[in-house]
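Student: Right, I'll just put the structure down here and ask away after.
The values are calculated or read from the model by the stated rules, or taken from the named source; none is laboratory data. Every value quoted in this text rests on a predicted model; they were computed, and no experiment measured them. FYI the Cβ positions are ideal-geometry reconstructions off the backbone, even for glycines, and counts take in every protein chain you see. These area figures cover heavy atoms from the full protein model, side chains too; ligands, DNA and RNA do not enter into them. Shrake-Rupley method; radii C 1.70, N 1.55, O 1.52, S 1.80 Å.
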Amino acid sequence: MAILVIAEHNNQSIKAATLNAVTAATKLGGDVHVLVAGAGCDSAAEAAAKVAGVAKVCVADAAHYDAQTAENVAALVMQVATDYSHIVASGTTFGTNVLPRLAALLDVAQISDVVAVESADTFVRPIYAGNAIATVKSADKVKVLTIRMTAFEAAGQGGNAAVEALAPGPDLGLTALVGRELTKSARPELGAAKIIVSGGRGLGSRENYRGLLEPLADKLGAALGASRAAVDAGFAPNDYQVGQTGKIVAPQLYIAVGVSGAIQHLAGMKDSKVIVAINKDPEAPIFQIADYGLVGDLIDAVPDLTGVLAV
Amino acid sequence: MKILVPVKRVVDFNVKVRVKSDGTGVDIANLKMSMNPFDEIAIEEAVRLKEADGASEVVAVSCGSAACQETLRAALAIGADRGILIETDGELQPLAVAKLLKALCVKETPQLVICGKQAVDDDANQTGQMLAALMGWSQATFASKLVVGDGRATVTREIDGGLETLDINLPGVVTTDLRLNEPRYATLPNIMKAKKKPLEIVKPSDLGVDVAPRLTTLKVAEPIKRSAGVRVADVAQLVDKLKNEAKVI
Ligand SMILES: Cc1cc2nc3c(=O)[nH]c(=O)nc-3n(C[C@H](O)[C@H](O)[C@H](O)COP(=O)(O)OP(=O)(O)OC[C@H]3O[C@@H](n4cnc5c(N)ncnc54)[C@H](O)[C@@H]3O)c2cc1C
Ligand SMILES: Nc1ncnc2c1ncn2[C@@H]1O[C@H](COP(=O)(O)O)[C@@H](O)[C@H]1O
């Protein structure tokens, strides 16, 4: 049987998260189909067809998929779900919104945040903020999974999949989009960045967060991240939060500035290749997982670092 | 308007769990247990709505062992009016919890269910969405702002790119994110009052719900440990290490 990946897209292009989901899907054994549900989403469908490993793209194009609400998307997938052995999406806020709803409609379990595929019915996933790793086996006939992006490489380009129209499902009319306030930034996306500069409560103010971390991030071509405390205090927007209940990241280099290293924060970044911590408290737990620890006042250390990198 | 709030008893978020040496699960015996933090936010939001005359009654529900009564009392102390324990000692997976909550929704006919976005033990992030599906209701997950109107609610959601605002039909399910509110501390008088509030106990079989797990846990392992690296003396040494040792810049 085939495997269905639910694409995440903005009608023009597909989001990077979809590429990781495609890679996870290719490990399940079966043709990989991608569903693009949107409004005026031809370009997104064409982009999906070019992803390596995709055999078919199904496009449901209707006005009521413009906002891609969980209600309408899940109802749509229900119409084709029994043709598939697995239905997969990335564990982004989109995937996490839609897939449990779909699973319940199918009366099957949903498996969240899969980090490894052992076989077609056995999956590995972290629990308790990553302090334990569970291997679970599903007895359901359709397996509905969200995958952890950082655990699967992004699928490459070079595919040439057939694009087929899929009849739209019902418009349930349960929810309407009022608006979106998207964070504008010229920096790389947190999920895809090679380097992340992340700030915590130790920055002390929004002015410091921006004034100290932005020049450093610019120098490194890095994305910006934050701890929950920094987001709660208004130093950074909500979508910068790294952690158990924010974004999970695994860049080549993660620089934690004024972050203590709570379990919930570590859960989101401890798979980074190299971790640097800058903190004035030598006992801060972040040092227990940092490859390079600098004990010192960030007020001096961060501009110094930016300065040294400039020469 | 009646609001139903499901509250889960979990290992306190400050406690780091240990994996059992036989690999069958995590050892939670004798650990501090608390209400799932997202559910505290959910109760707080429901109680605030009631205080602002936006709700008539707040009902807290917990599914699990008899010890969940403690969690329900904590919800009552924040200001919920009554509690319902759906008592079972077996493992409950999100789909089973959603089915139990559905049976309760059919009986209690709430206009709004406020769940936590995720339980910090299973990290599933599923139950609210599943309940909404089973009821055929609207859903607004990861809420950072909730305004309830007549038969509708406006919900601001924390999404990957920023914020999104939805207008949803009620009845519906909202799940809480961290920035929805800051839960109050229960005062001693309110803790005392909570002891006298009604707390009903039902069994899954009373509700006619099959709670058999769909997933079997084959094993639970420790994560790969990361060991501490080195302390650098200054910024110059840090940059040198990053360039020449780690080769990441
Ligand atoms: C349900 C729940 C979910 C959560 N989810 C997340 C999550 O997803 N992500 C997350 O990050 N947190 C999360 N948390 C919060 C987490 O428990 C911690 O509270 C939070 O990570 C702390 O943030 P922090 O390290 O910035 O702040 P603090 O713990 O206050 O640490 C600040 C650090 O800055 C250092 N410092 C201060 N001044 C200076 C200076 N001048 N120079 C150098 N260092 C300095 C201090 O030594 C300290 O170590 C969650 C909590 C709960 C309850
Ligand atoms: N056993 C339970 N009892 C009551 N509420 C629960 C239970 N399990 C999950 N929930 C609710 O569903 C939310 C999400 O849980 P989960 O889907 O397990 O991450 C929690 O924050 C609770 O509001």
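Student: Can you give the FRET efficiency for B:Lys16 and B:Val230, using 1/(1 + (r/R0)^6), R0 = 30 Å, r = Cβ-Cβ distance, to the nearest 0.05?
Tutor: Computed FRET efficiency for B:Lys16 and B:Val230: 0.80.
Student: Another question, then. Just to be sure I understand the model, the point goes 7 Å from the Cα along the line to the Cβ. What's the resulting A:Asp107 to A:Ser185 distance in nm?
Tutor: 4.4
Student: Still on this structure, please answer the following. Given R₀ = 45 Å, what would the calculated FRET efficiency be for A:Val311 paired with B:Lys32, taking r from the Cβ atoms and rounding to 0.05?
Tutor: 0.30
Student: Give the percent of DSSP beta bridges with both residues in chain A that are antiparallel, rounded to the nearest 5.
Tutor: 20
Student: Moving to a separate point now. Restricting to the protein assembly as shown, what percent of DSSP beta bridges are antiparallel, rounded to 5?
Tutor: Around 35 percent antiparallel, to the nearest 5.
Student: Let me see the pair-distance distribution of the range B:1-69: every alpha carbon pair, 5 Å bin width, integer percents in order.
Tutor: Cα pair-distance distribution for the range B:1-69, in percent: 4, 16, 20, 18, 16, 10, 7, 5, 3, 1, 0.
Student: Quick one: if the Förster radius is 51 Å, what FRET efficiency do B:Arg152 and B:Asn244 give, using the C-beta to C-beta distance and rounding to 0.05?
Tutor: Given R0 = 51 Å and the Cβ-Cβ separation, E is 0.25.
Student: Distance cut-off 18 Å, Cα to Cα: go down the list A:Lys27/A:Lys143; A:Lys27/A:Lys137; A:Lys143/A:Lys270; B:Lys8/B:Lys102; A:Lys280/B:Lys247 and report the pairs above it.
Tutor: From A:Lys27/A:Lys143; A:Lys27/A:Lys137; A:Lys143/A:Lys270; B:Lys8/B:Lys102; A:Lys280/B:Lys247, over 18 Å: A:Lys143/A:Lys270; A:Lys280/B:Lys247.
Student: Each label point is 7 Å from the Cα along the Cα-to-Cβ direction; what then is the distance between the points at B:Gln111 and A:Asn160, in nm?
Tutor: Result for the modelled spin labels: 5.9 nm.
Student: Let me ask something additional. What does the C-alpha gyration tensor say about the overall shape of the protein assembly as shown? Classify as rounded when a/c is under 1.5, otherwise prolate if a/b is larger than b/c, or oblate.
Tutor: Verdict is oblate for the protein assembly as shown.
Student: Let me ask something else. Report the Cα centroid-to-centroid distance between the range A:8-60 and the range A:186-221 in angstrom, as an integer.
Tutor: Cα centres, the range A:8-60 to the range A:186-221: 31 Å.
Student: Looking at chain B as a GNM with Cα springs under 10 Å, which of B:Leu163, B:Leu76, B:Leu100 has the largest mean-square fluctuation?
Tutor: Comparing B:Leu163, B:Leu76, B:Leu100 in the GNM, the peak value goes to B:Leu163.
Student: Let me ask you something else. Take B:Ile191 and B:Lys203, extend 7 Å from each Cα along the Cα→Cβ direction, and tell me the distance between the two endpoints in nm.
Tutor: So the two model labels end up 3.4 nm from each other.
Student: Quick one: angle between helix B:94-108 and the longest Cα principal axis of chain B, in degrees between 0 and 90, rounded to 10, please.
Tutor: The helix B:94-108 is inclined about 20 degrees to chain B.
Student: Considering the zone a paramagnetic label at B:Asp53 would reach in this model (a point 7 Å from Cα along the Cα-to-Cβ line), which residues of the range B:127-149 have amide N under 17 Å from it?
Tutor: Correct set: B:148-149.
Student: Using the alpha-carbon atoms, what tilt in degrees (0 to 90, nearest 10) does helix A:93-106 show relative to the longest principal axis of chain A?
Tutor: 40
Student: Here is a further query. Below 8 Å, C-alpha to C-alpha, sequence gap of six or more: please give me the relative contact order for chain B in percent.
Tutor: 23
Student: If I take every Cα pair under 8 Å that is 6 or more residues apart in chain A, average their sequence separation and divide by the length, what percent do I get for the relative contact order?
Tutor: About 14 percent, as a whole number.
Student: Can you pull out the buried accessible area for chains B and A, both sides counted, probe 1.4 Å, rounded to the nearest 100 Å²?
Tutor: 6600
Student: Compute the acute angle (0 to 90°) between the alpha-carbon long axis of helix A:16-26 and the principal axis of greatest extent of the alpha-carbon atoms of chain A; round to the nearest 10°.
Tutor: The angle comes out near 60 degrees.
Student: Sort B:24-34, B:151-161, A:254-264 for me by packing, meaning the mean count of neighbouring Cβ atoms within 10 Å per residue, highest on top.
Tutor: With the highest mean Cβ count within 10 Å placed first, the list reads A:254-264, B:151-161, B:24-34.
Student: When only DSSP loop residues count, what trypsin sites (Lys or Arg not before Pro) in the range B:160-233 have their Cβ near at most 16 other Cβ atoms within 10 Å?
Tutor: Of the trypsin sites (Lys or Arg not before Pro), the ones in loops of the range B:160-233 whose Cβ has at most 16 other Cβ atoms within 10 Å are B:Arg184, B:Lys225, B:Arg226.
Student: Please label the shape of the range B:2-222 as rounded, prolate or oblate, based on the square roots a ≥ b ≥ c of the eigenvalues of the alpha-carbon gyration tensor (a/c under 1.5 means rounded; beyond that, a/b larger than b/c means prolate, else oblate).
Tutor: It is rounded, given that a/c, with a ≥ b ≥ c, falls under 1.5.
Student: Want the number for A:Asp171 to A:Ala192: 0.36 nm per residue separation, take away the alpha-carbon distance, what's left?
Tutor: Using 0.36 nm per residue and subtracting the Cα-Cα distance, I get 4.2 nm.
Student: Still on this structure, please answer the following. Would you kindly find the accessible area of A:His86, with a 1.4 Å probe and non-protein molecules such as ligands, DNA and RNA excluded, rounding to the nearest 10 Å²?
Tutor: 10
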